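Reading through the structure tokens given below for one structure.
None of the figures in this text is laboratory data; all of them are computed from the coordinates on show. None of these values were measured; they are calculated from a predicted model. Quick reminder, even Gly has a Cβ in these numbers, built from the backbone with ideal geometry, and neighbours come from all protein chains shown.
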Amino acid sequence: MSQKVAIVTGGTRGIGFAIVQRLASDGYKVRFTGRSRESVDRAHAKLDVTAQGSVCDISDEGSVNPFFEEAIKAEGRIDVLVNNAGITRDGLFLRMKPDQWDEVMNTNLRGVYLCCKAVARPMMKNEEGGRIIILSSVVGVGGNAGQANYAAAKAGVLGLTKSLAKELGSRNILVNAIAPGFIETDMTAELGEQVKETVERSVPLSRTGRAEEVAALCSFLAGPDSSYITGQTIHVDGGMLMG
């Protein structure tokens, strides 16, 4: 059996980087995307595993389609797609400009649509089907002041997850979402200790999460032990949101 192939969008840092590391360690042949050559090169320099990075703007169909076409041509298959790439452009709703709204929607929702569409037909050709994993957020479930655009996009991908699970299930393509809570990354590290302490007090486990903990769930959902799980949203949030 040939080596399975996994694509991770936004794999140059944070959660995405941890997912690249984990899936490559699991034995997948991993390709990942970044928004700039500099970010991709930095990721290559830090990786402890073998993975191939490419520059791709997932909000742009003219960038997404050639990336996936080249990957399929080179590898012959795609078994796992992890939609991780995302951005924030925070601001109070009454002050939020249309450009802030559109930029987040284009990357965090339209980008997921484009990537899923690019892999759906190729996955149908796999005898074993495939796995699509979409990174949402607890903000997409519970909302958050100052993040109306981000919350709306992350809620949108939850609806997309369920719809794709129903449409693609007959071809053994499983589609699930992960909703991380407050995860320690280079982005959250910039928020300062006071903000971190406030967040930690709201979490039953009294700590922030680690990117590797999200990657571990991703590994499970990509693997054979998740073969009867689809259309689900699984929280990795230390109990921040329940019910």
Can you bin the range 75-115 into rounded, prolate or oblate? Criterion: square roots of the alpha carbon gyration tensor eigenvalues sorted a ≥ b ≥ c, rounded for a/c under 1.5, prolate for a/b above b/c, oblate for the rest. prolate
Please report, in debye to the nearest 20, how large the charge dipole of the range 18-137 is about its Cα centre when each Lys and Arg carries +1 at its beta carbon and each Asp and Glu carries -1 there. 100 debye
List the residues whose amide H sits under 5 Å from the amide H of ILE234, counting only those 5 or more places along or on another chain, with H placed 1.01 Å from N in the peptide plane. ALA177, ILE178, ALA179
Note down the magnitude of the dipole of the range 118-243 about its Cα centre, charges +1 on Lys and Arg C-beta and -1 on Asp and Glu C-beta and zero elsewhere, to the nearest 20 debye. 560 debye
Cα→Cβ-extended label distance, 7 Å offset, between GLU197 and ARG37, nm: 4.5 nm
Exposure proxy check on THR185, THR50, THR233, THR12: fewest-to-most Cβ neighbours within 10 Å is THR50, THR233, THR185, THR12
Can you list residues from other chains, or at least 5 along the same chain, whose modelled amide H is less than 5 Å from the amide H of GLY130? ILE173, LEU174
Nearest-0.05 FRET efficiency for SER206 and HIS44, computed from C-beta distance (R0 41 Å): 0.70
Kindly provide the pair-distance distribution of the range 140-213 built from C-alpha pairs, with 10 Å bins from 0 and whole-percent values in order of increasing distance. 16, 36, 30, 14, 3
Going toward the positive end of the dipole of the range 42-132, with +1 on Lys and Arg Cβ and -1 on Asp and Glu Cβ, which of THR107, ALA71, ALA120 do you reach last? THR107
Suppose the chain between LYS97 and PHE220 were pulled fully straight at 0.36 nm per residue; how much longer would it get relative to their current alpha carbon spacing? 40.4 nm
Span from the the range 123-153 Cα centroid across to the the range 161-224 one, whole angstrom: 10 Å
Using distinct alpha-carbon pairs, which all enter the 1/r mean, Kirkwood radius of the chain in Å: 18.1 Å
Ignoring GluC sites (Glu not before Pro) that are buried or in helix or strand per DSSP, and keeping those with at most 10 other beta carbon atoms within 10 Å, what is the longest stretch of the chain between them? 1-126
What's the extension gain from THR188 to ARG121 if we count 0.36 nm per residue and subtract their Cα-Cα distance? 20.5 nm
What distance in nm separates the two pseudo spin-label positions at TYR228 and GLU213, each 7 Å out from Cα along the beta-carbon direction? 2.8 nm
Global form of the range 68-186, assessed from the alpha-carbon gyration tensor, a/c cut-off 1.5: prolate
Roughly speaking, what is the stretch gain from LYS73 to LYS166, that is 0.36 nm per residue apart minus the C-alpha to C-alpha distance, in nm to one decimal? 30.7 nm
Tensor-based shape of the range 34-75 (alpha-carbon gyration tensor, a/c under 1.5 rounded, otherwise prolate or oblate): oblate
